[in-house]
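These notes are about the structure you will find just below.
Read the figures in this text as sums done on the coordinates, not as results from a lab. If you're wondering where the values come from, they're calculated on a predicted model, not measured in any experiment. Positions of Cβ are generated from backbone atoms using ideal geometry, with glycine treated the same way; all protein chains shown enter the neighbour counts.
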Amino acid sequence: MQNWRFWLNKLIDLSRRAGSALSLAFTLSSRKLRKIWLNRSKHAVGTQAGERIYAIGDVHGRADLFQSLLKIIQADGKQRGQISTRIIMLGDLIDRGKSSKQVLELVRHFEGKIEGFVVLAGNHEEMLIESARGNGTVQNLWLDNGGIATLGSFGVDVKDLRDKEPSQIGECITKAIGEDTLAWINGLPTTFRSGDYLFCHAGIRPGVPIRKQKREDLLWIRDEFLDSTEEFGIVVVHGHTETLNVEELPNRINIDTAAYRTGCLTALALEGEDRWLLQAIDSG
Ligand SMILES: [Mn+2]
């Protein structure tokens, strides 16, 4: 368990970012969900030989976009032909959007049904777990950052929730979401590697070998990672920090297109040295 100083820093970090994120709002005319296939491009780095990967950014409770994107991925896979395929979710499945419960159900369904389906933990999953354990500091942080919407999707009456003791709030969360689902979330891995690519939620700490990266950094890091031009020896594919357009840099690729409020959920496709993007868009 993290100490209070750690969580206080997260509180400051999240509120600072929320201010700058407001400028990202945009509108598009068509309400229909549609797909975008961006141009295929070649790079000097690649996946493990013979492997195609679709990495999906922060879903944040947008079950509608997640379902659309899976259909787009399936169609793309069919069109390109059969090959060993992985779908990797980069964490932050829950919070902010309206249908976190449905997203969790869909993900667990597909995890059992689709071979090579990998789900990584995000910082929002970590906040949920800590909140369910009765950590009062994290409960405030979580409820202020989309946790209310998640509890709403599980049918919790959140009206008087904050008046309760942290231990009671924890019990309420556990009862609503269920111990089985919480145990599954708690057991999610933090990284996945294929060839020259490393997949994780937030990023890595520059200057630290991959095998020595801390969970805290993999789930929460921002500026030290985002501002680094260091060659990591791998290309980090990540979400966590909202960006209107996918950021494609020599050392990292950020695909968190803020689906819960822009209506654009992004998947990065990688196969050998090829890259392309798939997006589900609800612009209404
Ligand atoms: Mn996120």
Checklist outcome for this item: Largest fluctuation, S167, S41, S194 only, Gaussian network model of the chain with Cα springs under 10 angstrom, belongs to S41
Item to check | Fewest-first ranking of H43, H60, using other Cβ atoms within 10 Å as the exposure measure | outcome: H43, H60
Checklist entry - Between rounded, prolate and oblate, where does the stretch 241-284 land on the alpha carbon gyration tensor, with a ≥ b ≥ c its root eigenvalues, rounded for a/c under 1.5, else prolate if a/b exceeds b/c? => result oblate
Next on the checklist: Given a 10 angstrom Cα cut-off, can you work out which residue in L219, L65, L11 is the most mobile in a GNM of the chain?
Outcome noted: L11
Item to check | Relative contact order %, the chain, counting alpha carbon pairs below 8 Å whose residues are six or more apart | outcome: 29
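What is the projected area of the convex hull of the Cα atoms of the stretch 125-282, averaged over all directions, in nm²? Mind dumping the intermediate values first?
Details: hull surface 42.6 nm².
The directionally averaged projection comes out at 10.6 nm².
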Item to check | Dipole magnitude of the stretch 186-284 about its Cα centre (Cβ charges: Lys, Arg +1; Asp, Glu -1), debye to nearest 20 | outcome: 460
Checklist entry - Which of G178, Q48, I73 sits farthest toward the positive end of the charge dipole of the chain, with +1 on the Cβ of Lys and Arg and -1 on the Cβ of Asp and Glu? => result I73
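So how do F6, F117, F225 line up by other beta-carbon neighbours within 10 Å, fewest first? Don't jump to the answer; show the numbers that get you there.
Details: F6 14, F117 17, F225 24.
Going from least to most buried by this count: F6, F117, F225.
Is the shape of the chain rounded, prolate or oblate, going by the alpha carbon gyration tensor and its root eigenvalues a ≥ b ≥ c, with a/c under 1.5 for rounded and a/b larger than b/c for prolate?
Working: a/c = 1.63, a/b = 1.37, b/c = 1.19.
Note, shape of the chain comes out prolate.
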Checklist entry - Hey, which lysines would be in cross-link range of K71, C-alpha to C-alpha under 19 Å, not counting anything within fewer than 8 residues on its own chain? => result K32, K35, K113
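So if each residue of separation counts as 0.36 nm, and I subtract the Cα-Cα distance between D180 and L11, what length gain in nm does that give? Don't skip to the answer; put the middle values down first.
Values: separation 169, 0.36 × 169 = 60.84 nm, distance 2.83 nm.
Difference between extended and current length: 58.0 nm.
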Item to check | GNM top mover of R80, R133, R52 - the chain, alpha-carbon springs below 10 Å | outcome: R80
